[in-house]
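Report on the structure given below.
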Amino acid sequence: MSTQPYPWRLSQPAVPDDGPGPASGAVPRPALSAASVDPLHEIEIVDEYGERRRIFIPLERPLTVYVDRRELVTLMTLGARPELLVLGYLLNQGLVDSMQAVASIQVDWDVGAAAVVTRAGVTDIEARTSHRVVTTGCGQGTVYGELLSRLDGLKLPPPEEARIRQSTLRALLEVIRAQDSIHRRAGSVHGCALFRGAELLAFVEDVGRHNAVDTIAGWMALHGVAGGDKVFYTTGRLTSEMVMKAAHMGIPIVASRNGVTQMGHALATRLGMTLFGRAANRHFLCYTGFERFDAEPLVPRSPIRVVAADES
């Protein structure tokens, strides 16, 4: 199958290919396949004018994840970077504590499977995954209680160390607006991005926003990228699970084109996280974490007065 540059963007360090193992004393990385596939499919449609034409739609694929030969979950994905998606999923679900716990991730699209080999197994994997909650996320079942319990003792950077100016928020929204994306060509996908200030580090699109955030989590883990000085952006709504994932990635500031749920708001308030919603162009709502936000208020527009012809 052919590959496309969509929907993956990242800055240096680039994702490595399968090369020799780490040098003595280096942090061991998992061996990863390179199974990126074409995310678009061409079809014929008839539009409202009765005209036939060809368009692209996202090509959704099932990927069944096996951990040490045990079937874990099936993820529906575009397959942009499936190895990083699987690594991020394992980390965000709390099934492994670090990248070093994973020896290899090999994806084979001929059978629609990802084979994960861990270095020491996953403790009590049956018990830890037996009570999976289907949340408002796009297609993933989540070990919700496990994620929530892992927040105990989690500390995000204090406001004096992790802040954002209104002009920076506006600049990163402009970067997102200018992205050449699957959504622009075909629609029907969510996007997530990682920023340092207004510098775009990673941009991922997938059929579900949780796949996109998990892929970014996998990239961060693979390259040792910390989240404390980063801003996370998503096109999806800010639910409790999205807030939890950002917190586990160590990211204190999250922006969304969409809104926030009550549980997402309550959890972000508890964690001291800053949430921006309805964020597009120059507009936004800051829902929580005002102490991290350096406002630069826009000048309100003067109301337009309509003058009747007989008044002129």
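Computed 3J(HN,Hα) for the range 106-111, one whole-Hz value per residue from the Karplus formula 6.51 cos²θ - 1.76 cosθ + 1.60 where θ = phi - 60°, is 10, 9, 10, 6, 4, 10, glycine and proline marked x.
In terms of its Cα atoms, the range 175-312 spans 70, 38, 27 Å along the principal axes, sorted from long to short.
Each Lys and Arg Cβ is given +1 and each Asp and Glu Cβ -1; about its Cα centre, the range 192-312 then shows a dipole of about 180 debye. In loop segments of the range 45-88 as defined by DSSP, the trypsin sites (Lys or Arg not before Pro) with at most 11 further C-beta atoms inside 10 Å of their C-beta are Arg69. From the residues Ala266, Ala217, Phe203, which one has its Cα farthest along the dipole of the range 159-293 in the positive direction, the dipole being from +1 and -1 charges on Cβ of Lys/Arg and Asp/Glu about the Cα centre? Towards the positive end, the residue furthest out is Ala266.
Just check the range 155-231 against the gyration tensor rule for me: Cα atoms, a ≥ b ≥ c as the square roots of the eigenvalues, rounded for a/c under 1.5, and otherwise prolate or oblate depending on whether a/b exceeds b/c. Oblate is the answer for the range 155-231, as a/c is 1.5 or above yet b/c matches or exceeds a/b.
Largest to smallest in accessible area, the residues Trp109, Trp219 fall in the order Trp109, Trp219 (1.4 Å probe, all protein chains included). Packing order of peptides 294-300, 269-275, highest average first: 269-275, 294-300 (average count of other Cβ atoms within 10 Å over each peptide's residues). Rounded, prolate or oblate: pick one for the range 209-288, where a ≥ b ≥ c are the square roots of the eigenvalues of its C-alpha gyration tensor, a/c under 1.5 means rounded, and failing that, prolate if a/b is larger than b/c, else oblate. It is prolate, given that a/c is not under 1.5 and a/b is the larger ratio. Note on the range 193-238: Kirkwood radius taken over Cα pairs, Stokes-Einstein applied at 25 °C and 0.890 mPa s, translational D equal to 226 µm² s⁻¹.
For the range 35-133, the alpha-carbon radius of gyration amounts to 1.40 times the rule-of-thumb value 2.2 N^0.38 Å expected for a compact globular protein.
The values are calculated or read from the model by the stated rules, or taken from the named source; none is laboratory data. For clarity, every value in this text was computed on a predicted model and none was experimentally measured. All Cβ positions, glycine included, derive from the backbone under ideal geometry; neighbour counts span all protein chains shown. To get the accessible areas, we keep the full protein, side chains included, count just its heavy atoms, and leave off ligands, DNA and RNA. Shrake-Rupley method; radii C 1.70, N 1.55, O 1.52, S 1.80 Å.
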